[in-house]
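In what follows, a structure is listed as structure tokens, so that the remarks can point back to it.
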């Protein structure tokens with residue numbers, strides 16, 4: 001139940017990168033709401049087919065297809081059937097679009113990647129791969145041309161800096177809820193448990209006896225403390241933040257079944273550990289959603 005909501009693959013890695021490299025990566029100006037670009041940049045001059053265009057900048061179809069191939073190879077290596085991943089082509093393209101949006105925003109704030117810095121990053125990667133021959137073999141196996149890899153690395157650095165810019169302004173304290181829940185398979189079961197609670201039954205004891213959530217059942221349905229954007233079930237989270245401490249919800253339906261929620265405490269508390277990473281990812285996702293509303297995005301390929 002406490003898993004991170006489904007997010008763009010690659011966004012979390014960039015968010016972690018931005019945090020880990022904070023001391024070494026210039027943060028640029030303070031984060032502020034970014035207005036729409038006054039006039040779209042001219043389309044990327046190319047006669048090659050595009051997968052998408054973001055504020056006038058093209059994403060080549062062949063580059064997109066190579067990114068899809070890398071995605072597929074990575075999941076096959078993990079033994080994961082591609083058919084179980086849903087519309088991953090659209091997800092890959094969405095990630096490329098989001099990275100382009102972040103890089104563009106970084107540039108509007110005056111951030112840049114110098115040639116010297118890019119050379120230093122590339123040299124470090126060459127050393128990690130055992131020298132130029134090893135790096136060349138890796139690039140070939142991954143389906144990169146040297147120019148394409150340099151451009152992608154430059155864009156990833158800019159995107160990571162934009163993420164750092166977004167997350168550096170976040171307070172590490174947030175309104176949080178400490179709650180318990182009981183998950184059952186049918187509404188009738190949930191209504192019966194509500195009746196028992198109204199008659200004075202103990203919530204934790206009912207959770208241990210009847211809840212179908214194996215992760216929280218032994219602890220009496222305890223979900224712990226969480227800020228907004230942390231639970232996989234938005235219906236449950238919405239109810240948690242709408243209730244007062246000590247209140248019990250009605251029956252809440254989700255794709256998992258039927259929930260009853262009890263709010264134990266509410267407070268403003270520090271966000272730490274994995275919850276802090278999820279909190280930052282949620283903030284970046286919200287920022288990207290807002291920027292997508294303002295951006296001029298054209299998609300030319302099917303998912």
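The values are calculated or read from the model by the stated rules, or taken from the named source; none is laboratory data. Everything numeric here is computed off the predicted structure, so don't read it as measured data. With ideal geometry, Cβ positions are generated from the backbone for all residues, glycine too; neighbour counts draw on all protein chains shown.
Can you say whether residue 292 is part of a helix (DSSP H, G or I), closer than 30 Å to residue 101 by Cβ and at pLDDT 95 or above, as far as the supplied structure shows?
Spelling it out, residue 292 is indeed part of a helix (DSSP H, G or I), closer than 30 Å to residue 101 by Cβ and at pLDDT 95 or above.
Check 282, 289 and return the single one that is in the same structural domain as residue 50 (by TED's automatic domain parsing) and surrounded by 14 or more Cβ atoms within 10 Å (Cβ to Cβ).
Matching residue, one of 282, 289: 282.
Which one of the conditions (1) over 30 Å from residue 63 (Cβ atoms); (2) buried (at least 16 other Cβ atoms within 10 Å of the Cβ); (3) within 26 Å of the chain's Cα centre (by Cα) does residue 260 fail to meet, given that it meets all the rest?
The one condition residue 260 does not meet is (3).
Please determine whether any residue of region 214-235 is at pLDDT 95 or above and within 30 Å of residue 71 (Cβ to Cβ).
No, every residue in region 214-235 fails to be at pLDDT 95 or above and within 30 Å of residue 71 (Cβ to Cβ).
Quick one: residue 208 ticks every box in (1) in contact (Cβ under 8 Å) with a residue 12 or more places away in the chain; (2) more than 30 Å from residue 106 (Cβ to Cβ); (3) under 32 Å from the mean Cα position of the chain (by Cα) bar one, so which box is it?
Going through the list (1) in contact (Cβ under 8 Å) with a residue 12 or more places away in the chain; (2) more than 30 Å from residue 106 (Cβ to Cβ); (3) under 32 Å from the mean Cα position of the chain (by Cα), residue 208 breaks only (3).
Here are 191, 230: which of them is part of a loop (DSSP other than H, G, I, E, B), touching a residue at least 12 places away in the same chain (Cβ under 8 Å) and not assigned by TED's automatic domain parsing to the domain that holds residue 99?
Exactly one of 191, 230 is part of a loop (DSSP other than H, G, I, E, B), touching a residue at least 12 places away in the same chain (Cβ under 8 Å) and not assigned by TED's automatic domain parsing to the domain that holds residue 99, namely 230.
In region 167-200, what residues are under 29 Å from residue 272 (Cα atoms), modelled with pLDDT of 95 or more and touching a helix residue (DSSP H, G or I) at 6+ places or on another chain (Cβ under 8 Å)?
Within region 167-200, 177, 179, 180, 181, 182 qualify.
For residue 281, only one of the following conditions fails: (1) in a helix (DSSP H, G or I); (2) in contact with a strand residue (DSSP E or B) (Cβ under 9 Å, 6 or more places away or on another chain). What is its number?
(2)
Going residue by residue through region 152-169, is there one that turns out to be outside any helix (DSSP H, G or I) and under 24 Å from the mean Cα position of the chain (by Cα)? Give the derivation first.
The first filter runs over region 152-169 and keeps only residues outside any helix (DSSP H, G or I), leaving 169.
Okay, now just the ones that are also under 24 Å from the mean Cα position of the chain (by Cα), so 169.
Taking every residue of region 152-169 in turn, at least one turns out to be outside any helix (DSSP H, G or I) and under 24 Å from the mean Cα position of the chain (by Cα).
Does residue 268 qualify as being over 23 Å from residue 201 (Cβ atoms), touching a residue at least 40 places away in the same chain (Cβ under 8 Å) and either surrounded by fewer than 15 Cβ atoms within 10 Å (Cβ to Cβ) or not assigned by TED's automatic domain parsing to the domain that holds residue 98 (or both)?
In short, yes.
For region 126-151, give me each residue that is in contact (Cβ under 8 Å) with a residue 24 or more places away in the chain and either under 30 Å from residue 280 (Cα atoms) or part of a helix (DSSP H, G or I) (or both). Show your work before the answer.
Residues of region 126-151 in contact (Cβ under 8 Å) with a residue 24 or more places away in the chain: 142-144, 148, 150.
Within region 126-151, 142, 148, 150 qualify.
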